[in-house]
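Have a look at the structure below before the remarks.
The values are calculated or read from the model by the stated rules, or taken from the named source; none is laboratory data. Just so we're clear, the structure is a prediction, and the values are computed from it rather than from any experiment. Neighbour counts are summed over all protein chains in view; Cβ atoms, including those assigned to glycine, are modelled from backbone coordinates with ideal geometry.
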């Protein structure tokens with residue numbers, strides 16, 4: 001499980017603020033950021049605005065997928081895929097096309113994920129048990 005500083009989009013100041021309130025891993029962050037009330041409390045405790053925390057939590061959730069690192073998470077988000085549930089509603093072909101298009105235009109990663117990697121992500125994301133496994 002990644003440390004809090006490895007979450008895609010996490011800056012050093014936000015990571016330090018989260019560590020100060022005892023959140024050191026992406027798993028702990030996801031646990032504390034679940035639900036509107038908890039997100040608001042976390043925002044008040046850290047001084048990080050709620051929208052930023054919500055976006056970071058979405059990245060941390062995507063990073064639970066097998067083989068998903070910060071770069072691929074950023075690629076998914078740039079392609080308009082912002083959540084595990086959204087990914088789970090798509091076909092692997094749709095995702096592969098979206099990733100190719102955004103990377104062709106913006107050069108986010110050097111190597112696109114293979115079709116097999118995308119299939120694994122979509123399969124995990126569409127598994128109802130995956131959301132509960134956090």
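How many of the residues making up the stretch 16-36 are over 25 Å from residue 121 (Cβ atoms), in a helix (DSSP H, G or I) and at pLDDT 95 or above? Counting residues in the stretch 16-36 that are over 25 Å from residue 121 (Cβ atoms), in a helix (DSSP H, G or I) and at pLDDT 95 or above gives 5. Number of residues in the stretch 1-33 that are surrounded by fewer than 17 Cβ atoms within 10 Å (Cβ to Cβ) and without any contact (Cβ under 8 Å) to a residue 12 or more places away in the chain: the value is 6. Just to be sure before I move on: is residue 39 surrounded by fewer than 20 Cβ atoms within 10 Å (Cβ to Cβ), without any contact (Cβ under 8 Å) to a residue 24 or more places away in the chain and outside any loop (DSSP other than H, G, I, E, B) in the structure I sent? So residue 39 fits the description; yes.
Among the residues of the stretch 79-97, those that are crowded, with 18+ Cβ neighbours inside 10 Å, under 17 Å from the mean Cα position of the chain (by Cα) and assigned to a helix (DSSP H, G or I) comprise 84, 87, 95.
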